[in-house]
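Below is one structure, written out as structure tokens; the observations come after it.
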Amino acid sequence: MDGLCHETEKIIENHLRRRGIWKDEKLWEVGKSRFSGRGVYATRDIQPGEIIFVDSPVILGPRAIPENTCVSCYNDTNIVLCPMSCGLYLCPSCLDGDKHSQECAKINSWKTEKSFVTDRMMICLAPIRSLFLDDSDRESISMLEAHREPQHGIEVDLMKKKMLLELCDEEENWIRLTCAVLDANSFEVLPKTGPTLRGLFPLSSLLNHSCVPNVMHVFDEDHHMILKAAKPIKKGEEIFLTYSRILWCTLSRRTHLLRTKHFACECPRCHDPTEFGTNLSAMLCESCSGFVLPKNPLIFNGVWTCNSCDRQVEESKIAFIMSVLAKRFSDVDEDHMKSFDLFRSKSEKIIPKCNQVSLEFMYRTIWILGGAELSDEHFQIKGECLKYVLDVLMKLDVGASKMRGLLLHELYKCQKELISRGIVMDEKFNEDEILEEAAEIYMFDVSAPEIIKNVWKKKNLSTDWNDYFF
Ligand SMILES: [Zn+2]
Ligand SMILES: [Zn+2]
Ligand SMILES: [Zn+2]
Ligand SMILES: [Zn+2]
């Protein structure tokens with residue numbers, strides 16, 4: 001292990017010890033990555049579902065501008081404006097607490113006669129909270145990668161230019177750095193209720209990206225991040241998360257990663273023009289209806305060729321057609337089945353069923369087609385879409401992903417409903433097994449649906465990760 005990795009591990013150890021989540025026999029270590037800088041590696045063989053580590057945020061705050069909620073507990077009932085006139089809201093039970101007092105005093109100290117606080121202040125809270133951290137936590141932030149490009153750190157400009165607050169140089173510099181680190185590393189945290197939060201988890205931030213991840217993460221009630229193996233991991237293997245959307249094709253993922261994370265992915269999936277046989281990128285050839293795929297997916301603006309007649313197409317043309325189709329079908333009207341038929345008839349000559357745009361349309365169909373009020377036919381369509389997307393996930397080799405859990409849970413409900421109507425969809429799918437697998441994937445997740453929580457209860461499973469981790 002080189003000096004930087006050793007130093008990093010020391011900072012992480014201190015961070016975890018201080019929060020009572022350090023474990024001596026750890027399953028991970030920091031090492032030099034083949035791809036970029038540092039990475040995290042398995043210290044022994046790890047089984048699917050095993051907890052690799054638990055991390056806790058050094059900073060936590062709202063991610064987008066939510067409806068007004070309590071800035072301490074994110075509750076939105078009976079909230080009132082903070083009596084100290086900082087411009088933010090609190091709920092009755094947080095009014096007496098002191099969780100908000102430091103940031104409240106700070107915001108008030110920045111105010112001049114002209115300044116005012118708007119709901120935009122909510123997204124500035126996470127970086128502002130970094131001002132109150134001690135040296136150890138500041139060290140955790142400073143050791144992480146930061147995005148210094150001008151599009152990052154808009155929070156400081158919001159505060160200075162829109163809300164006319166007066167920050168001193170030292171504060172401004174530190175908040176700017178925190179914003180740059182947050183943009184490069186923060187995780188979306190889905191609490192039980194309330195708005196989506198963003199949290200900075202130092203150890204999790206060291207995980208590199210792959211479009212073929214081998215772990216998944218969930219959050220508990222106290223915003224701990226529990227990192228679990230999504231498939232078997234061998235000793236010495238690098239541990240990868242995914243920062244992109246699993247169902248996007250290579251061009252979409254790589255463009256998005258380059259724009260937001262400033263790197264071009266070169267993982268095994270990005271290498272393979274067929275993306276493990278899913279052909280998520282495929283367009284239909286105008287001449288022969290073969291699949292047009294990128295010749296070398298690692299080159300931006302390269303040439304795409306038909307796999308049966310060798311006809312060549314420029315990538316820019318492909319990207320244009322995809323964006324037109326995606327836009328045309330991004331809004332699905334209320335009579336979704338009409339749109340479904342329309343989509344099929346409009347797109348079937350341009351893209352195959354396996355193309356990303358078609359897959360995303362199916363994915364949306366699953367959630368738009370609701371429950372009990374659906375006709376038998378619509379239920380069957382929903383079931384088909386569910387199985388199709390699940391099959392693609394399987395081929396993409398992402399293991400026990402969050403999306404798989406979500407879809408299995410939905411498929412379970414769908415199967416149950418069909419059975420109650422006397423329709424057997426597919427003998428191959430046993431609804432109890434589906435539910436059981438979903439329950440395993442959701443393990444320790446505070447946002448798990450009730451049906452899943454009931455499975456845990458029925459099996460007398462402890463839902464406290466402490467019982468498994470330590
Ligand atoms: Zn509250
Ligand atoms: Zn206040
Ligand atoms: Zn990739
Ligand atoms: Zn062709």
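Every number here is computed from the coordinates shown, using simple stated rules; none is lab data. Fair warning: this is a prediction, and the values are worked out from it, not measured in the lab. Virtual Cβ from ideal backbone geometry, glycine too; neighbours counted across all protein chains shown.
Return the inverse of the average 1/r over all pairs of distinct C-alpha atoms in the stretch 221-284, which is the Kirkwood hydrodynamic radius, in Å to one decimal. Evaluated on the stretch 221-284, it is 14.0 Å. I need the fraction of alpha carbon pairs in the chain separated by more than 42 Å, rounded to a whole percent. In whole percent, the long-distance tail amounts to 24. Net charge dipole, the chain: roughly 900 debye, given to the nearest 20, about the Cα centre with Cβ charges of +1 for Lys and Arg and -1 for Asp and Glu. Helix-only arithmetic for the chain: the sum of -39500 (n - 2.57) across DSSP H runs with n ≥ 4, divided by the residue total, places the mean residue ellipticity at 222 nm at -12000 deg cm²/dmol. Using the Stokes-Einstein relation with a Kirkwood hydrodynamic radius computed over Cα pairs, the translational diffusion coefficient of the stretch 113-258 at 4 °C and a viscosity of 1.567 mPa s comes to 75 µm²/s. Against the main long axis of the alpha-carbon atoms of the chain, helix 336-347 sits at an angle near 70°. Under the criterion of Cα pairs below 8 Å and six or more residues apart, the relative contact order for the chain equals 14 percent.
Counting only alpha carbon atoms, the long axis of helix 169-185 and the longest principal axis of the chain meet at about 20°. Each Cα pair under 8 Å and six or more residues apart adds its separation to the average, and for the stretch 59-199 the resulting relative contact order is 31 percent.
Taking the inverse of the mean 1/r over every pair of distinct Cα atoms in the stretch 318-470 gives a Kirkwood hydrodynamic radius of 17.2 Å. Quick one: grab the alpha carbon gyration tensor of the stretch 258-338, order the square roots of its eigenvalues as a ≥ b ≥ c, and give me rounded if a/c is under 1.5, else prolate or oblate depending on whether a/b is larger than b/c. Verdict is oblate for the stretch 258-338. A straight Cα-to-Cα reach below 18 Å connects K346 with the aspartates and glutamates E286, D331, D333, D335, E360, residues fewer than 8 places away in its own chain not being considered. Between the helical axis of 431-442 and the longest alpha-carbon principal axis of the chain there is an angle of about 30 degrees.
Looking at F361, F276, N307, which one has the Cα that reaches farthest to the positive end of the dipole of the stretch 270-369 (charges on Cβ: Lys, Arg +1; Asp, Glu -1)? Of F361, F276, N307, it is N307.
Sorting the segments 199-205, 265-271, 219-225 by their mean number of nearby beta carbons within 10 angstrom, highest to lowest, gives 199-205, 265-271, 219-225. Residues whose amide H lies under 5 Å from that of F53, counting only those 5 or more places away or on a different chain, are L227; hydrogens are built 1.01 Å from N in the peptide plane. Measuring nothing but alpha carbons in the stretch 382-445 and taking Rh as the Kirkwood radius, the Rg to Rh ratio lands at 0.97. Magnitude of the charge dipole for the stretch 59-199, about its Cα centre and with charges confined to Cβ atoms of Lys, Arg (+1) and Asp, Glu (-1), is about 400 debye. Computed over all pairs of different Cα atoms, the Kirkwood value for the hydrodynamic radius of the stretch 59-199 is 15.4 Å.
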